[in-house]
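Take a look at the structure below.
The values are calculated or read from the model by the stated rules, or taken from the named source; none is laboratory data. What you see is a predicted model; the values in this text were computed from it and never measured. Because the Cβ atoms are built from the backbone with ideal geometry, glycine has one as well, and the counts that use them run over all protein chains shown.
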Amino acid sequence: MALDVQAIRAQFPILSREVNGKPLVYLDNAATTQKPQAMIDALVSFYTECNSNVHRGAHALSDESTRRYEHARDVVAGFIGAASREEVIWTSGTTESINIVSKGMAQRLQAGDEVLVTEMEHHANLVTWQQACKAAGARLLVVPILANGALDADAFVTMLSEKTAFVAMPQVSNALGTVNPVRSLIKEVRARSPRALVLIDGAQGVAHGGVKVADLDCDFYAFSGHKMFGPTGVGVLWGRRALLAEWPVWLTGGEMIAEVSYQDATWGALPHRLEAGTPHISGAVGLAAAIEWFQTLDVADVQAHEKALLDRAVALGSEFKGLRLVGAAPEKIGVFSFVIEGTHPADIGFILDKQGVAIRTGDHCAQPLMKRLGLPGTARASFSVYNTLDEVDALFTALAKARDMLV
Amino acid sequence: MKLPEPSEIVDDLEFLGDWESRYQYIIDLGKALPKLPEDARADELKVKGCQSDVWLLPSHQGDVMTFQVDSDAVIVRGLLALVMSAYNEKSPAEILQFDIDGFFKELDLERHISPTRGNGLRAIVGKIRELAATG
Ligand SMILES: Cc1ncc(COP(=O)(O)O)c(C=O)c1O
């Protein structure tokens, strides 16, 4: 069944506003998605009906907010197919999730160990590993991409060895839209590097639906709430229970302890041992509402719709004089990155904004990738489930005006 | 290129009503602004914006200060041309006196020069005024 996009749009209040006197065409979904009314209502309801701290109150409100907060964990666990709710750690977002893992790994890496990342990494999944390697005297290996922006899977395989201690890669590249074949790549890791742990940066993957961590066979999966219809400031680190139970604690303080004396402390059980301090309670509740909203949609429909949007953009782009697509991997989702001959991406973004079309321009937090591609940056339109084919057309109408003005 | 005086720019932009002709004017100024040669685009002259880079090459000519500026984005170049109309070939005293924020406000372009806009313009203005203050 095809997606009823108008019905979906009606649930996102912001989509009916105007920008610079023009109807908003929001194509910056890879940066952050808009929020459905159900998620906004959950935040309002939390603060108006049951706000209080969790896990500690001796009163009704605290019980209720703890219930909503821990229910949110169950929702996430179900959504990504975690084996147990204790495997879901609340964080502030992908960046923090990755840092928990990389800081822990920095303590475990030995000199001579190797860590693999890819050329298409977001800084969040690059700087973290580069710094962990520096701290531990381990070697960072960067798996190249092919000319079309796909990962060089052959190179990936040859770079794996007994020395590989960790592999970190994105499920989907935020700058190119490349979908990595993570399942088959992880199979190679298991076959060649028995002690390697694998983290998947799911920031751009999770909102397209259908992620099951057990199928991927990764050890850690990181994502942000705000990129999948939830609030900013909340995210998730999923990890295998046995690993998380032993993982070096990264923040100490309240909530995460078992017993404390002046001179010593012991750590509490999962998931709290990795969640020090008062958590982002409303954020977790809001993210759960966003996920529950998203789960009312059919994943195959969502993906078919997003593919139609991207296909239309690629087709119109190929006819658009001077436009060069950046990233043409056969498996791609959500992201249409491009440059227009004789123009700078920042100028394109500005003229589009004047016409109500919101895109992102710049290096997309992937400076080494831009350097590798020989580009100062790109313009990037990124799509979500509520975008329409008409909006893709509006993008190109706006681009034609930008080219007329700039070239 | 002889840049129009600030007062002429104000008049021109006032005359141009809609955003398209206003920005076309700025883009055309940007295209007309002389480019810094590639080899002069040295890193130490670079002011990094988050969207585009900007370069500033200052020098003295007698009593007046001269500047060469450049950016890889043409709208920023156009805005730099506006900045140059105010500052280039002026004495340090004139530079320090000139109300650049008021000028951009009068042009209805103040958002481009606001500190939150990461296009390097604010940093260039700061650097020019600093140079003028230290002579
Ligand atoms: C692939 C990828 N990884 C990591 C991040 C970082 O996410 P956050 O800023 O929400 O922590 C992003 C966000 O842009 C991303 O696209």
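Observations on the structure shown:
- Residue within the stretch A:106-115 that is surrounded by 18 or more Cβ atoms within 10 Å (Cβ to Cβ), within 13 Å of the ligand (Cβ to nearest atom) and at negative phi present: no
- Where a residue in the stretch A:102-119 is touching a residue at least 24 places away in the same chain (Cβ under 8 Å) and its partner, wherever it lies, is of a type in the set (Phe, Trp, Tyr), with Cβ under 6 Å and at least six apart: A:Ser102/A:Trp129; A:Lys103/A:Trp250; A:Gly104/A:Trp247; A:Met105/A:Phe166; A:Val115/A:Trp129; A:Val115/A:Phe166; A:Val117/A:Trp129
- Members of the stretch A:302-353 that are without any contact (Cβ under 8 Å) to a residue 12 or more places away in the chain and among the charged types (D, E, K, R): A:Asp311, A:Glu319
- Residue in the stretch A:344-378 that is nearest to the chain's Cα centre (by Cα), counting only those that are facing chain B (nearest Cβ under 9 Å) and of a type in the set (A, V, I, L, M): A:Ala346
- Among (1) farther than 16 Å from A:Gly177 by Cα; (2) of a type in the set (Gly, Ala, Ser); (3) out of contact with any helix residue (DSSP H, G or I) (no Cβ under 9 Å at 6 or more places or on another chain), the one test that A:Ala304 misses: (1)
- When A:Val157, A:Val213 are screened for being touching a helix residue (DSSP H, G or I) at 6+ places or on another chain (Cβ under 6 Å), more than 30 Å from A:Tyr386 (Cβ to Cβ) and away from the ligand (no atom under 16 Å from the Cβ), only A:Val157 passes.
- Some residue of the stretch A:128-143 being assigned to a helix (DSSP H, G or I), within 14 Å of the ligand (Cβ to nearest atom), at pLDDT 95 or above and farther than 21 Å from A:Ile333 by Cβ: yes
- Qualifying positions in the stretch A:379-401 - surrounded by 24 or more Cβ atoms within 10 Å (Cβ to Cβ) and within 12 Å of another protein chain (Cβ to nearest Cβ): A:Ala379
- Cβ pairs under 9 Å, 6+ apart, first in the stretch A:209-229 and within 14 Å of chain B (Cβ to nearest Cβ), second more than 16 Å from the ligand (Cβ to nearest atom): none
- Output for the stretch B:22-68, where each listed residue is closer than 20 Å to A:Lys354 by Cα, more than 10 Å from every other protein chain (Cβ to nearest Cβ) and hydroxyl-bearing (Ser, Thr, Tyr): B:Tyr25
- Those residues of the stretch A:70-105 which are among the hydroxyl-bearing types (Ser, Thr, Tyr) and either away from the ligand (no atom under 16 Å from the Cβ) or assigned to a strand (DSSP E or B) (or both), in sequence order: A:Ser84, A:Thr91
- Boolean, A:Ser184 is away from chain B (no Cβ under 14 Å) and more than 14 Å from the ligand (Cβ to nearest atom): yes
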